[in-house]
Structure formats: structure tokens, C-alpha cells
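The values are calculated or read from the model by the stated rules, or taken from the named source; none is laboratory data. The structure presented is a predicted model; accordingly, all values stated were derived computationally and were not measured. Cβ coordinates were reconstructed from backbone atoms using ideal geometry, including for glycine residues, and neighbour counts include every protein chain displayed.
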Amino acid sequence: MHIKYSSKFIAYFKISSVLFLIVSFGSEAAFCSLRDPVSAIQTLYSEDYQFKSVVTDVTEADRAQLKEELPFTIHQSEVSKHTLYVLFTKDELGGFMQARSEWAKWGLVEIAWAINVDRTLKGFYFQRCRSPQCNDVVAENISQVIKGKSFAELKSLLSEDGEQLSELGRDSFSMAPDLALLTLRSALKTLAITDISWEKDIQNLSLH
Amino acid sequence: MNAIFLPITLFFAFAILIAPSIGLAQSLNSPLLGDNSRWSLDTSARVNHETETNSNAYTYALGLDIHKVFSSNKRDIGTLTFQPYVVKLKNVSAPPFFFDNGDDTQLNWRIANFNYSALSQGKLNIKIGHFLIPFGLELNEDTNGTLRQFTFSDRGIKADWGVSINGVYSKLEYEVALTQGSGNELLNTHNPYIFSGRLGTSSHKNLVGGLSFFYGDVLTENGVIERKKIGVDTSFYYYQWQFLFESSFGQTAGNDTINSFIEASWLESRERFKSYLQLGHQSLEVDQGKQNTTYWAIGLSWNHNNALELSAQYKRYTDTLGAEPDFSMQVRYRL
């Protein structure tokens, strides 16, 4: 049996479908593609460790709060669920690990950040960087500058508007300044959002 | 045009109707699934133009995607990934064998497993459930539910029920699995099985290599087929370009076979638009001599906020078997 649909009915469904499709619910890629940064943890934490995932909602309010601490903030697409990996060494809190994404001119760069308990940087690891510039030599060069630095110390390497390296930053990074700038911005966002979005979780961990 | 558009439109109209229940489910998210959980709904409608019969075949899918990490006070215990899908076919001339016919509806399992990771923090995990067969390029690229596929058809199976050990070291990744050989079917009477595995270099690097093996009896429409394969795969990334290569040799039902696959793809810098070109070749020794099958495929996809994806693929065989060209389009939406 053939059902005859009126042209108005078809037009209504076409319009409603298009509207439905355009509205974004801010979803993620399929979750089966999510992977723990196990390789990064093994590389950046050499001693015996164990880790625990803490998933939280990074909210629009968190994004706005970060903007008060930095001249830039996370992308709106990052307002979603994110994981902080909490590291324990011999049952003591040993640090944190978080992966963050930054846009480069060739696409997304994903960096896994190792953070000390006092919120200085322990190190980083390119989890995804499709430029040949993201090699071990350049990563080590950037790491030597930012390792052990706090949020304030890292911020001093950046210009006022956050769009370029400061004079101190230019003197400090001897290789790949564009990649160093991208990494530095990622470091600052990571440290700030860790304290903003996981504040209660970290407080609870400290109490135990 | 309406003949193609109307069924897809009605499918998404149905999705609009269930949208209020999505809001309810989200509000129940925490109590139902607890901490460290995420979930979404995945809908897709695919139209495939069958050149031989000059007709359109439709595939509609509505599925759940749940991801939950179970943890104790100071360590992760394991991860649950649960993706059941209801798949409705319409006018499909050659449906997968677990469908009764080309207009059937079945529960389809994409990924549904628990990966126990408390033994040594990622170096030795035990996975149980339905998961991707660890062979070749499949493990490092998520192609579930997409038009873009690699070489699983050569082995006759993409994902299977079973158990695996898997792990990640700083420079190596591995997975070895013993599975049922029955794909989507949890219960069967033909006693198939597959023993498979892959050892690869770190998947986050721009140059990745892997060695794989596949041995077993795979369930098909007409009973089981014995397949033995050894494979090698390589992925190389250069800015927005990705190059993939996989080659395997072995036997299918006792006949020697060699399979090769290459793909070049380009991803726009904001990662919304992707295009790819694939070339595949299979050589099979049969009683009458060597049977060669070669194909090329070109595909495009565009996504909006990782939620809406529109994709199209044209695939053409250049062999002597006379397979007709295949043109597919898909709309996919994750809520």
C-alpha cells in the first residue's frame, strides 16, 4: 500500500529534521575510542604508582572562571565530561595527570600533563601531535623550561594578551617557539582548570 | 529524491519524539550509573544505492553508548563499555547472516565489554565481553558505525564475544584474544572459535607499526570457514595527512590468500571535514587458478561538534567478478 504524503507534511519533516540535526547537544566521539593515558603515566612517573580516574563536568561557569585567571579560556567544545587521573605512590597522593587538547594550524594537539601535588608541573607528553616538529628533542627542550614551574612562573613566560611569548619566554625557549607557545597555553589552562573543576575532588583526596 | 529523503526524515522525526525521554535519562544519569560514567544515544540512517537492481537499501540504527570506570579508593579497577544497538533493515538485498531477511530488525552488539585493569595499572588487563578482534588497523581507528571500513571483511568478522589479555607499555601495546568466532551471535551450534592477537608500537606516535595473527573457524551463513592469517600494519601521520597500510597472507578455507590495503586521508585543520581514498586487493588460490579482486573507494565525511556526521562513499570493484559499484550515504547523530 502506498501512502501519499502531502507536500506540506514532507516539507514540515524536512525542516524539523534539519533543525533537529543542527541543534548541538555537545556530544563526544564514541566512548570505545577513549583510552587511558597509560603510556604517558608510565613515561612521566617512573616510580611505582597506581592511578584512579575522576570524571567531572567541566561547566560553562568553570570556563568563565578560567577567563578571569588567564587572557584566554578553554574552547566551548571542551565544556563536557573530562577525566583527571590521580596518581598514588605507596598509598600516598603522588600527583595528577590530565590530557588537554589545543588547536594547531594542522589540527588538534593532545598533551598529557603530569602535575605535582603542589600544582607545579612535573612534565608533559604529546599524546597526539601530527607535526614532525613534535619530536623527542623539541619536547625535551620545552620540558626543561617548564618543568617544576608554578602557574605564576609559567604565566610570566607569556605576553599580557596571551597571544605570544614574553621577552623572558622568547629567551627561554630556544627551539620551536610556536609549539612552545601552544604547549605553554595548554599548561596554564590545565593547571587552572584542575583547581577549578576538580576543586572538591582534590580537597576530598587531601582529607583522606 | 523524496523516496530517499522521506524514510530518513521519519527516522529522525522518531528521534525528536524520544528527545524528552533523553532529558529524563540525563537527570537519572548519576544515580543510575554512578560516578565516572558517561553515556549518549547514537542514531544513524544509511542509504545504499544498489546499482545492479537500481534500488535503495536502508539501514537505521538506534543505540546506547555507555562508558563507566569502576574505581576503589586509590586505583581504577576496570572500564565498562556497553554499546547495544537496534538495527532495522529495509530493502537490503544481501543482509548480514544474523538478520532473517533484508527487512528484519535485530539487536546488534558493537562493543560491550569489561576491561579489568587492577592487576598492573594498564600493563596487563583482562577483557571479557564483545570487542574488536585484535588484528591490523582496526584496533587504533574507531570505524564502528561508519561507512569507512578497512579489512575486516577479509576475515569475515569485526568484533566477537570472548576474552582477551591486553596492555600498554611505554613503547609497546598488545592484545591477545580467544573468542567465539560468531560475531554478533552470543549462542550458536557450530562451535566456531578465533585465536587472534596484535603486537604494536605506541599508537600515539606519528609512525605506528604492528604485527597480527588470526587463526580459527569463523561462523558464516553456511556454517564455519577456517581462516589463518598473519598480518602487518603501518600508520603514518604527517600534519593533516594520514597514510594506512595493511597486508596479510594465509589461508581461507584451505585456499592460499593474500590481502593488501592502503588508504590516504586528509583531515581539514578544524577536523570537521575528512576525505579518503582506499585501494584494496585480494588474491585467492582456487581450483581453477588465481582469483583476484581489486577495489577502490573514495569517501567524504563532515561532522559538526562531534555530534552530527554526514558521510558518503563510492566503492568500485575493478576485478573480473563483475561486482557492481556501491554508493552509500549516511547521517549519524549522537545525543
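Every residue, every condition in (1) touching a Ser or Thr at 6+ places or on another chain (Cβ under 6 Å); (2) surrounded by 15 or more Cβ atoms within 10 Å (Cβ to Cβ), yes or no:
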{"site": "B:235", "(1), (2)": "no, yes"}
{"site": "B:238", "(1), (2)": "no, no"}
{"site": "B:249", "(1), (2)": "no, yes"}
{"site": "B:252", "(1), (2)": "no, yes"}
{"site": "B:256", "(1), (2)": "no, no"}
{"site": "B:262", "(1), (2)": "no, yes"}
{"site": "B:268", "(1), (2)": "no, no"}
{"site": "B:274", "(1), (2)": "yes, yes"}
{"site": "B:277", "(1), (2)": "no, no"}
### Query
Which fully enclosed strands (runs of 3 or more DSSP E) of the stretch B:1-100 have 1 or more residues being at pLDDT 90 or above, over 23 Å from residue A:53 (Cβ atoms) and among the aromatic types (Phe, Trp, Tyr)?
B:55-71, B:76-90
#### Entry: Test: residue in the stretch B:296-308 that is more than 14 Å from chain A (Cβ to nearest Cβ), at pLDDT below 90 and out of contact with any Asp or Glu (no Cβ under 9 Å at 6 or more places or on another chain)
no
### Query
Out of the residues in the stretch A:91-115 that are without any contact (Cβ under 8 Å) to a residue 24 or more places away in the chain and outside any strand (DSSP E or B), which is farthest from residue A:41 (Cα to Cα)?
A:105
### Task
Report, by residue number, each residue of the stretch A:124-156 that is in contact with a Phe, Trp or Tyr (Cβ under 8 Å, 6 or more places away or on another chain) and either of a type outside the set (Phe, Trp, Tyr) or more than 14 Å from every other protein chain (Cβ to nearest Cβ) (or both).
A:130, A:131, A:132, A:134, A:139, A:141, A:142, A:143, A:145, A:146
### Message
I'd like the residue in the stretch B:32-79 that is in contact (Cβ under 8 Å) with a residue 40 or more places away in the chain, within 26 Å of the chain's Cα centre (by Cα) and closer than 30 Å to residue A:96 by Cβ and, out of all such residues, is farthest from the other protein chains (Cβ to nearest Cβ).
### Response
B:78
### Query
Picking from B:242, B:251, B:313, which residue would you name as being at pLDDT 95 or above and within 18 Å of the chain's Cα centre (by Cα)?
B:313
### Query
Is at least one residue of the stretch B:256-267 in a loop (DSSP other than H, G, I, E, B) and under 30 Å from residue A:102 (Cα atoms)?
no
### Task
Within the stretch A:72-96, count every residue that is more than 11 Å from chain B (Cβ to nearest Cβ) and over 24 Å from residue A:61 (Cβ atoms).
1
### Flag if residue A:88 is without any contact (Cβ under 8 Å) to a residue 60 or more places away in the chain, surrounded by fewer than 20 Cβ atoms within 10 Å (Cβ to Cβ) and part of a strand (DSSP E or B)
yes
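Suppose we filter A:131, A:206, A:197 for residues that are of a type in the set (Gly, Ala, Ser) and over 19 Å from the mean Cα position of the chain (by Cα); which single one remains? Steps first, answer last, please.
Details: A:131 fails: over 19 Å from the mean Cα position of the chain (by Cα); A:197 fails: over 19 Å from the mean Cα position of the chain (by Cα).
The conditions single out A:206.
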### Summary
Per the filter on the stretch B:181-219, residues out of contact with any helix residue (DSSP H, G or I) (no Cβ under 7 Å at 6 or more places or on another chain), surrounded by fewer than 21 Cβ atoms within 10 Å (Cβ to Cβ) and not in a strand (DSSP E or B) are B:185, B:186, B:187, B:188, B:189, B:190, B:191, B:205, B:206
### Summary
Matching residues in the stretch B:203-239 (out of contact with any Asp or Glu (no Cβ under 7 Å at 6 or more places or on another chain) and within 14 Å of another protein chain (Cβ to nearest Cβ)) number 10
